[in-house]
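A.B. asks: This is the structure I want to talk about, given as structure tokens.
Values in this text are rule-based calculations from the coordinates and carry no lab data. Just so we're clear, the structure is a prediction, and the values are computed from it rather than from any experiment. Note: ideal-geometry Cβ built from the backbone for every residue, glycine included; neighbour counts use all protein chains shown.
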Amino acid sequence: MTDLPDEILLTICEYLRPVDALRAFLSSDTSDRFHRLIVKYRTNVNLSVLSYSDSRYMVDIVLPQLNPSNLRLSGLHIPCLIDEFLLSLHRFPLMKIYSLELYGCPPICPTLTSWLSSQSQLNRLKIYDQGLEQSRLLAKDLATLRDFLFINGLPSSVKTLYFYIKDGFVLYNQLKSSITSQINYAFLQLDTVDDLQVLLNKGLLSNISKLHIYLKQKRQGCKL
């Protein structure tokens with residue numbers, strides 16, 4: 001296989017699932033040339049469409065060898081996947097994510113918020129909890145997310161926020177405008193129009209260029 005040109009190897013990869021391409025070409029027995037060929041598989045990791053065994057292989061074997069730019073996790077099909085990923089964070093402390101998508105969120109634990117706060121290169125954060133019969137986010141999880149987002153945790157590198165959640169954020173007067181001044185695009189779901197008023201009156205998202213707000217209680221949306 002080492003004698004094959006890069007074009008043929010890339011064609012072979014197109015017929016493989018990303019996890020199988022990584023399994024075939026990422027081992028320590030393969031050359032740096034193979035590692036460079038699968039750069040898109042190494043930098044864009046989607047764990048949301050894998051079987052449990054493939055997910056375990058990715059978390060246990062592959063991710064400790066990678067520093068992916070884009071990572072997508074889902075608890076929609078395998079509810080424990082995100083939880084098990086969080087339990088394995090100590091195995092890849094140098095991972096720096098540019099874009100992170102979390103679907104079917106787990107309970108928002110200190111491990112998750114601490115890790116998110118440490119992601120100094122994180123530019124795009126998407127948390128999606130819709131599409132489930134019952135939300136996994138409890139009131140305390142929403143409070144923790146609110147604090148992380150608006151008070152004391154969001155990395156200054158984050159420019160884009162998507163929060164698609166069943167229950168909207170309830171905002172309070174302790175919010176700090178400086179935390180979200182770097183955001184230029186946001187999609188947020190709030191609880192009522194009063195929370196939107198708090199958001200605007202506090203000067204949060206002061207540098208925003210595109211803002212989508214959905215209000216849970218009023219069953220209406222607006223674009224600013």
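A.B. asks: Grab the beta carbon distance between His90 and Asp32, set R0 = 30 Å, and tell me the FRET efficiency rounded to 0.05.
C.D. replies: 0.65
A.B. asks: How far, in nm, would the chain grow between His212 and Lys159 when pulled straight, counting 0.36 nm per residue and subtracting the alpha carbon separation?
C.D. replies: 17.7 nm
A.B. asks: Which links in Lys140/Lys166; Lys96/Lys216; Lys166/Lys210; Lys140/Lys210 stretch past 25 Å when you go from one Cα to the other?
C.D. replies: Lys96/Lys216; Lys140/Lys210
A.B. asks: Run the numbers for Gln65 and His77: contour at 0.36 nm per residue of separation, minus the present Cα-Cα distance, in nm.
C.D. replies: 1.8 nm
A.B. asks: Under a point-charge model restricted to the Cβ atoms of Lys and Arg (+1) and Asp and Glu (-1), what is the dipole moment magnitude of the stretch 1-78 relative to its Cα centre, in debye to the nearest 20?
C.D. replies: So the dipole magnitude of the stretch 1-78 works out to roughly 320 debye.
A.B. asks: Taking +1 at the Cβ of each Lys and Arg and -1 at the Cβ of each Asp and Glu, which of Tyr57, Phe92, Ile8 sits farthest along the dipole of the stretch 1-111 towards its positive end, judged by Cα position relative to the Cα centre?
C.D. replies: Towards the positive end, the residue furthest out is Phe92.
A.B. asks: Among the aspartates and glutamates, which fall within straight-line cross-link reach of Lys159, defined as a Cα-Cα distance under 16 Å, with same-chain neighbours fewer than 8 residues apart omitted?
C.D. replies: Glu101
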